[in-house]
1. Report whether or not B:Thr704 is in contact (Cβ under 8 Å) with a residue 12 or more places away in the chain and within 11 Å of chain A (Cβ to nearest Cβ).
2. For region B:345-370, which residues satisfy the criterion of being more than 14 Å from chain A (Cβ to nearest Cβ) and more than 30 Å from B:Gln478 (Cα to Cα)?
3. Evaluate region A:45-52: report whether one residue or more is closer than 20 Å to B:Pro363 by Cβ and not in a loop (DSSP other than H, G, I, E, B).
4. Which of (1) at negative phi; (2) away from chain A (no Cβ under 12 Å); (3) part of a loop (DSSP other than H, G, I, E, B); (4) not hydroxyl-bearing (Ser, Thr, Tyr) is the odd one out, the single condition B:Trp373 does not satisfy?
5. Just checking, does region B:449-470 include any residue being within 30 Å of B:Val283 (Cβ to Cβ) and among the charged types (D, E, K, R)?
6. Looking only at residues in region B:221-243 that are more than 10 Å from chain A (Cβ to nearest Cβ) and surrounded by fewer than 21 Cβ atoms within 10 Å (Cβ to Cβ), which one is nearest to B:Val111 (Cα to Cα)?
7. Where in region B:268-324 are there strands (runs of 3 or more DSSP E), lying wholly inside it, with at least 2 residues that are surrounded by fewer than 20 Cβ atoms within 10 Å (Cβ to Cβ)?
Amino acid sequence: MAVIHLAINGQAYTVDADPRTSLLAVLRDHLDLTGSKYGCGEGQCGACTVLIDGNARRSCITSVETVAQKQITTIEGLARGDELHPVQEAFLAEGAMQCAYCTSGMIMSAVALLNRNPHPGDGQIIDFMEGNICRCGTYPRIVRAIQRASKTLAGAGKGGTR
Amino acid sequence: MSRKTQLETIIEPERCELAAAPLYHFDLDRREFFKFLGAGLLVVSVLKSGALTQESGGRHQWQGDALPQAIDAWLHLGENGKITVYTGKVEVGQNIRTSLSQAVAEELRVVIGNIELVMGDTQLTPFDMGTFGSRTTPTMNLQLRRVAAAARDVLVGLAAEQWKADRRRLLVSDGKVTDPQTQRSVEYAALVKGRQLTERVPAEDPLTPATKWTVAGQSVPKLNGQDFVTGKHRYPADQTLPGMWHGKILRPPSLGATLVSLDSQKAEAIGVAVVHDGNFVGVAAPSVRQAEAALAALHAEWKSEPQPSSKDLFDYLRQNTVEGRDPAGDGDRIDAGNVDQALASAEHRLKQTYTVSYIAHVPLEPRAALAKWEGDNLTVWTGTQRPFGVRGELAEAFRMPEDHVRVLMPDTGSGYGGKHTGETAIEAARLARAAKRAVKVVWTREEEFTWAYFRPAGVIDVASGARSDGTLTAWEFQNYNSGSAGIRTYYEVPNQRIVFHAARSPLRQGSYRALAATANHFARESHMDELAHALNLDPLAFRLKNLKNERLRAVFLAAADKFAWGKQKATPGQGFGMGGGYEKLGNVATCAEVRVDSQSGDVKVVRVVSAFECGAIVNPENLHNQIEGAIVQGLGGALFEAVEFDNGKILNARLSAYRLPRFSDVPQLETVLLDRKDLPSAGAGECPLVGLAPAIASAIFQATGIRIRSLPLIPHGLKIS
């Protein structure tokens, strides 16, 4: 066991955990941040996706010791108060979910994609999102949601509000 | 609330196991209700037994005499105007929390935001067999509309009484009753203030016809969608209790293995709870890591029995038929005319065998349960499509009365028919009893792949006869193990023999979204395509020649029209195919276009057009979503999903080894909805799947000349010889 300092969603946390524990287990079981989901434990489904310094990472195969000095963003940290992130808004607007268990990971991956490429084409979206599984099969809606968010973010960028 | 339950054995649709479920003789105690709910208006939906038998296809009689009454929902309108609806149905992503709320809002004339649905809580909601078989929309939606309509009726009566006005001229809208003559209006809340009113719903209350719907029939977005996009919603696996421990189960090294001995000294020394009870061995510890460490410290010896393997599967099923019937399907044996004679004298004969593999549901949220004991009372939060069934399993496992068990079902990370049973609930409860505190068990993906149950595998032999003009004359259809739902042919054939053979299944099998219908439609529709080619007829024209069912003809024609069937010539490597049928009161036709790379054998499904009709549409946007989802999920079983096993071991029990449809697999999806406002609404979770696999198989044939008669069609790509 070791004392590990984490910066999650702009807040400082201290946990006492085995350093090899997965970030996902620490988020869920130590900190009760259950928005990130377990789906496979081998980085194959993307339900556990979080942002590490702005990049998408599968938290189920990321040991907590490797992210101690980094900025971690989870689904719980995406909205600003009551104001949803444009990607969250877009998922609602497109009805891009059914059971929605994959939704946290989908949204976090989409945010990472748009951070890197603000105007992705459908092919780029599909390539980037290929590691995220939606078993209910809402993929076409998720692609549309990401396109919609891309437009919102572009508009907001011009207005300089976000 | 006092309840007297009577256990009856009833048969659960779409499932090859029997399920015990209580039927209710319900003593309604008004005072108890209002103590719990507060003053206001309570409307109880009383199902007639006739309605119940309809739920399971009209063939299965409930055992014993007709019930005096059975309650399947209730609605409470409080003094604050808040409407709470209680139903035993559960939300697994099919969006019924939204569509059922729409039904209530429609009939009660209130804004949807004023309605709260309490679902799948065995203490608060009326008994319900479970959420499966695409039955929520045709049954519960209707019941809730009736309940809400009855509530509206009571409210109008109250206003009429208060105003001494003729109730016939009063209007209801926006949560108020209005008298247009006097311009008076009164809110529902005011009408029920300080009162304890009850109403039982007669089954035949007049309902608002679909042509006049304003809320139902609309694309209302998922009601609590914001909770899902913010990560706030707590799925079963996210449930916690103070001081809770985590449980892990010691699994046998192979299916069917029995425990010979267990040395748990090392594990116990870690300071965890270890349970060894029969073949069950599990541990509970303050953290998952500690539980895993304790599990690793157990030393167990197991005795394994030889088990069948997937390479021998289809021969095994043929050789291991058992007496028994499919309780859920469309009949185990249908005979008409003289099929042997008709086959012998047919101008054209065709005989082929089709197979389907076991596939796994892979709900993205694996099974999870959190259990807590308080004295002799047990509470379990778990993801299940049958909370009352799981309550029964827990009561049986712990030899306690059902009213000491409460099962709650938080909206769950999908099921697809895979979460009917209560293994995880029992495991968590057993460990919680030993640990003397709440225990949560969340299955790993590997456990989910190995210790849940699968869609049945099966073998189907089809023999047919036809005249040269394309008229079907004989149809023999023998299905081994894949279930009898959708086994009947909707094509007109005078001489038929259709038989379902139950078999000893090497793997544990059970419900799956459109399980048997997928297999039966694959065999039937593939065979129709083969016959059409043999007779040199267009597959659509051949079908229509033998099809009288108007609803089915309509979807075939609609899909063909949208797809431009017959209007384009396939280029090399390109193929078109179709399939369709009916299932669970819905009608579907599917056209698919594939492209095959002649060098690599890569198959890409590039376009799928679905035409679907399920009566009056309740929520068009959600219906589109369900159909698209069914097609995408169906691609997996059609193209590459198969559970591989060898001597009691599942060989591909991981997502890195079991391929699921991903973003890049999705074709261009087009959906035509036929809205039949004159017909009752049916469910849509299953039917849209059934035409896909035969459409793809036929398209691959057209593209390559290779006819594939087994699902999945191309688990390892297409081998072009």
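1. So B:Thr704 does not fit the description; no.
2. B:Ala369
3. Yes, region A:45-52 has at least one match.
4. (3)
5. no
6. The qualifying residue nearest to B:Val111 (Cα to Cα) is B:Leu223.
7. Counting at least 2 such residues, we get B:273-277, B:299-303.
Condition check ((1) crowded, with 24+ Cβ neighbours inside 10 Å; (2) at the interface with chain A (Cβ under 10 Å from one of its Cβ atoms)) across all residues:
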residue: B:Gly615; (1), (2): no, no
residue: B:His624; (1), (2): no, yes
residue: B:Val632; (1), (2): yes, yes
residue: B:Ala638; (1), (2): yes, no
residue: B:Leu651; (1), (2): no, no
residue: B:Arg662; (1), (2): no, yes
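Every number in this text was worked out from the coordinates using simple rules, so none of it is lab data. Since we're looking at a predicted model, the values are computed, not measured. Cβ sites come from the backbone with ideal geometry, for glycine too, and all protein chains shown count toward neighbours.
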